[in-house]
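Okay, structure first, notes after.
Each value in this text was obtained by applying a stated rule to the coordinates, not by laboratory testing. Just so it is clear, the structure is predicted and the values come from calculations on it, not from any experiment. Note that we place each Cβ from the backbone using ideal geometry, even for glycine, and neighbour counts take in every protein chain shown.
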Ligand SMILES: [Mn+2]
């Protein structure tokens, strides 16, 4: 853990122009953290610009401040750059060069792999979400957390704990969520926006994909398959598939869930989710991919049947 919170608070009080960014392909913690910080700084009378490489996902567009995110900005003229939820500043993608222009770089993050890049860091791998660290900074500064800031912090904690399902759902995570409710956020209204806003096409695609459910390794592996023609039929984007793999993972007795997705040119994308016993990053690595212990992926060439045979074989080996 690196903790320059005193210096970070001093910078936030003394300086006036802030450029804030999160990682590419942002999700709830990244967006919630940067917007909470930007809104709080603006309330202090400062200029805070949020510069991202990628658009705000549709289910997060309701977040206060989301409409003010820019995708093109000259970083010169800013006094402080702040990157949130990034293991390293490179994770900000194509906007990194602009974030390198201000004289000071602040890094607020909770990734275990954070290299601590930046002049001042607040990095705590024990924090369930970066939003919790933003909350810590704002509390330390004595900034009033209004309902607009609160909803951003709440969504950061909600999404990075998997709706308080994951083992990182600490007493502190619940405490901060509770504080945000005290400040006026409505948990159902937020959940509805974040989780219950799918299109009819996505749900129909889920029905199709679940029809492919199969098991291997004596029921300890469950897999789903998405064909190219399924994606085309439901005019689906790739992000429609987000979360589908949780269904095979939820089956009793299953230790590893696999999602196969047919890509062009005879390639098959394979995603793994483990309940914890099997390190799927090792399996993915054996096929040229990578990831984390419980979530990993790789891409293989070959027919679908051939790819499945190789993957199921490797998993059976890993489950031994
Ligand atoms: Mn995060």
Once you've got the GNM for the chain with C-alpha springs shorter than 10 Å, pick whichever of 169, 76, 88 has the biggest mean-square fluctuation.
76
How far, in degrees from 0 to 90, does helix 304-319 lean away from the longest principal axis of the Cα atoms of the chain, to the nearest 10?
80
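Sort 309, 261 so the one with the fewest other Cβ atoms within 10 Å of its own Cβ comes first. Present the calculation step by step, with values, prior to reporting the outcome.
Numbers: 309 13, 261 22.
Ordered by Cβ neighbours within 10 Å, fewest first: 309, 261.
Of all DSSP beta bridges in region 2-195, what percent run antiparallel (nearest 5)? Intermediate results must be reported in sequence, preceding the final value.
Numbers: 2 of 20 bridges.
Of all bridge pairs located within region 2-195, approximately 10 percent are antiparallel.
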Please find, in a Gaussian network model of the chain (springs between Cα atoms separated by less than 10 Å), the residue of 84, 157, 209 whose mean-square fluctuation is greatest.
209
Helix 147-160 vs. the chain, principal-axis angle (Cα, 0 to 90°, nearest 10):
30
Any idea what angle helix 130-141 forms with the longest principal axis of the chain, computed on alpha-carbon atoms, 0 to 90 degrees, nearest 10?
10
So, in Å, what gap is there between the alpha-carbon centers of region 209-288 and region 129-168?
31
Given an 8 Å cut-off on Cα distances and at least 6 residues of separation, report the relative contact order of region 224-307 as a percent.
23
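Computed over the Cα atoms of region 96-144, what is the ratio Rg over Rh, Rh following Kirkwood? Please report the intermediate quantities before stating the final value.
Values: Rg = 12.0 Å, Rh = 11.8 Å.
Ratio of gyration radius to Kirkwood radius for region 96-144: 1.01.
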Report the far tail of the P(r) of the chain, meaning the percent of Cα-Cα pairs longer than 36 Å.
25
Here P(r) for region 201-319, Cα-Cα distances in 5 Å bins, as whole percents, is 2, 12, 24, 26, 20, 11, 4, 0
Only Cα pairs under 8 Å and at least 6 apart count here; give the relative contact order of the chain as a rounded whole percent.
13
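Sort 240, 71 so the one with the fewest other Cβ atoms within 10 Å of its own Cβ comes first. Could the numbers behind the result be given before it?
Numbers: 240 21, 71 13.
Fewest-to-most ranking of 240, 71: 71, 240.
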Could you give the length gained by full extension between residue 182 and residue 301, i.e. 0.36 nm per residue of separation minus their alpha carbon distance, to one decimal place?
37.6 nm
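Quick one: Kirkwood hydrodynamic radius for region 100-175, alpha-carbon pairs, angstrom, one decimal? Each step should come with its number before you reach the end.
Details: mean 1/r = 0.0750 Å⁻¹.
This gives a value of 13.3 Å.
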If I model a spin label as a point 7 Å beyond the Cα along the Cα-Cβ vector, how far apart are those points for residue 166 and residue 146 in nm?
3.1
Between 248, 187, 64, find the one with the highest GNM mean-square fluctuation for the chain; connect C-alpha pairs within less than 10 Å.
248
Distance from region 62-97 to region 24-48 (C-alpha centre basis), Å
9
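For residue 3 and residue 47, compute 0.36 nm times the residue count separating them, minus their Cα-Cα distance, and round to one decimal in nm.
Taking 0.36 nm per residue and subtracting the Cα distance, the gain is 13.4 nm.
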Calculate the spin-label point distance for residue 191 paired with residue 275, positioning each point 7 Å from the Cα along the beta-carbon direction, and give it in nanometres.
2.4
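Which order results if 117, 9, 86 are arranged by neighbouring Cβ count within 10 Å, fewest first?
Working: 117 16, 9 20, 86 25.
Taking fewest neighbouring Cβ atoms as first place, the list is 117, 9, 86.
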